[in-house]
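First the structure, in the form of structure tokens, and then the observations on it.
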Amino acid sequence: MRWRCRTGIDYVISALNTDVLREIYMAEECIWRADSVAQAHSRFRRQIALCAAAALSNAAALAAEMLSLGGVPPAGRPGPRVRTYDAASIEECLIQAQSLLAHYQKRLAMAERLGLSRLREVFREIVKSKRAHVLHAAVTAAAGARPRQLS
């Protein structure tokens, strides 16, 4: 029984490691996008910057949970990049935002199934931030703003 429990925790730690990197890369991409938006579109810049801040907050919360489970968060950016938000059009950004929301909803279900209450709360907050991200992408798509138009 102890072996099964350790294997389960090792899986959760590995999954959290991937998610920490995913959020760090998303924050970097959001910062890059915010920097590339023309000054005249400050509303979009501000919203993208808020998404970057949320992603960094998510990464920190996930790293803290990883530590509490006995894991070690990634110190740098080892290995291949985890794709998140590298889209050519705002429609692709919307699809990817919806995909991330679905991903974290599955992680929330995993935490609930395993009875990890603190991790469940972290994933609830992340799901909230991803819903806001989807809403932002939908509003941007509805406004018809394309990355090329914003730069």
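The values are calculated or read from the model by the stated rules, or taken from the named source; none is laboratory data. None of these values were measured; they are calculated from a predicted model. Don't worry about glycine lacking a Cβ; one is built from the backbone with ideal geometry, like all the others, and counts go over all protein chains shown. Areas reflect the complete protein model, heavy atoms only, side chains present, ligands, DNA and RNA absent. Shrake-Rupley method; radii C 1.70, N 1.55, O 1.52, S 1.80 Å.
Odds and ends about this structure:
- Residues within the range 102-135 that are in a helix (DSSP H, G or I), in contact (Cβ under 8 Å) with a residue 12 or more places away in the chain and farther than 18 Å from residue 24 by Cβ, tallied: 13
- Complete set of residues in the range 111-136 that are over 14 Å from the mean Cα position of the chain (by Cα), more than 19 Å from residue 34 (Cα to Cα) and either surrounded by fewer than 18 Cβ atoms within 10 Å (Cβ to Cβ) or charged (D, E, K, R) (or both): 112, 113, 114, 115, 117, 118, 120, 121
- A search for C-beta distances below 6 Å between a residue of the range 29-48 that is over 14 Å from residue 133 (Cβ atoms) and any residue that is modelled with pLDDT of 75 or more and open to solvent by less than 30 Å² (accessible area, probe 1.4 Å), counting only pairs 6+ apart in sequence or on different chains, returns 31/52; 37/44; 45/34.
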